[in-house]
Amino acid sequence: MTAFFEPYAEYGAEWLPALLEAMWTTAALSVTAFALSLVLGLLLALCRNVRSPLLQRLVSLYVSVVRGIPLLAILFLLYFGLPGIGITFNAFTAGVLGLALAFAAQVAELFRAGLMAIAKGQREAALAVGFTPYQSFRLIVLPQVMRVIAAPLIVTFVALLKDSSLASLITVDELMLTGRSMSTDYFLPLQIFLAVGLCYFFIAWPFSLLSKRLSPRTVR
């Protein structure tokens, strides 16, 4: 058992800087992708509430198709496929776009559920007292929607964070790719990937706790 932990004492000073840098890349990739998915998801949810049947069908089709396609296929399409028609992204940008496009479909469903949970009378009351439609949505409806879906949004972010490991397959230098490179250099895959797993845990754990903390408030 002692022999298992000896590499951490021997190589820990070398591993730690590389893992911390990879954690930063993973966090930046996940946060950027999630922020973009929030914007796209909100736009998709709003489009499903417009009076245009065509737009509603298109958004519904997008959500259904994207949720049925593996994330890895989307990443490969963006990074390896689009250059064939002259559109090129660097690995990090392709990773952000792929994660955002995939998770926007899930976020859109959360926003749609949140919008359905808010009584229409609140928007009508805001319009009656002089609010513009934009003001009533931004100041009255959206804050309540965010409160309703806060916990599932955090769960979605944690899922995105874990799925960001797939970006290593399009050469994004995040935790998983760094771990693979280190395991090749040191021939200690068990210890290294255990450390990588702990890095993911330490990033995701605070958000999981926050989600549990918000869940009872959502039920009320």
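The values are calculated or read from the model by the stated rules, or taken from the named source; none is laboratory data. Just so it is clear, the structure is predicted and the values come from calculations on it, not from any experiment. Here the Cβ is made from the backbone with ideal geometry for all residues, glycine too, and neighbour counts use every protein chain on show. Accessible surface is based on the protein model in full, side chains and every heavy atom, while ligands, DNA and RNA are left aside. Shrake-Rupley method; radii C 1.70, N 1.55, O 1.52, S 1.80 Å.
Summary of values
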quantity	calculated
Helix 91-117 axis, angle to the chain major axis (alpha carbon atoms, nearest 10°)	40
Gain on full stretching of the segment that runs from residue 180 to residue 27 - 0.36 nm per residue minus C-alpha separation	53.3 nm
Simple Cβ-charge dipole of the chain, Lys/Arg +1 and Asp/Glu -1, about Cα centre, in debye nearest 20	1580
Pairwise label distance in nanometres, residue 209 with residue 77, each label 7 Å out on the Cα-Cβ vector	3.9
Stretchable slack from residue 119 to residue 146, in nm (0.36 nm times residue separation minus alpha-carbon distance)	8.3 nm
The stretch 188-207-the stretch 88-137 distance, computed between alpha-carbon centres (Å)	32
Degrees, to the nearest 10: 2-47 long Cα axis against longest axis of the chain	20
Computed E for residue 131/residue 89 - FRET, C-beta separation, R0 41 angstrom, nearest 0.05	0.50
Contact order relative to length of the stretch 33-147, as percent, for alpha carbon pairs under 8 angstrom and 6 or more apart	35
Listed residues 45, 104, 72: farthest to the positive end of the dipole of the chain (Cβ charges)	45
Portion, in percent, of the accessible area of the chain that falls on carbon or sulfur, probe 1.4 Å	68
Gyration tensor (alpha-carbon) shape descriptor, the stretch 23-113, a/c threshold 1.5	oblate
Accessible area per residue in Å² at 1.4 Å probe, computed on the stretch 1-132	58
Computed FRET value (nearest 0.05) for residue 56 with residue 202, which takes r as the C-beta separation and R₀ as 25 Å	0.05
At 0.890 mPa s and 25 °C, Stokes diffusion of the stretch 117-220 via Kirkwood alpha-carbon radius, µm² per second	145
Whole-number percent relative contact order across the chain, with pairs defined as alpha carbons under 8 Å at least 6 apart	28
Value at 222 nm in deg cm²/dmol, rounded to 500, when DSSP H runs of n ≥ 4 in the chain each add -39,500 (n - 2.57)	-26500 deg cm²/dmol
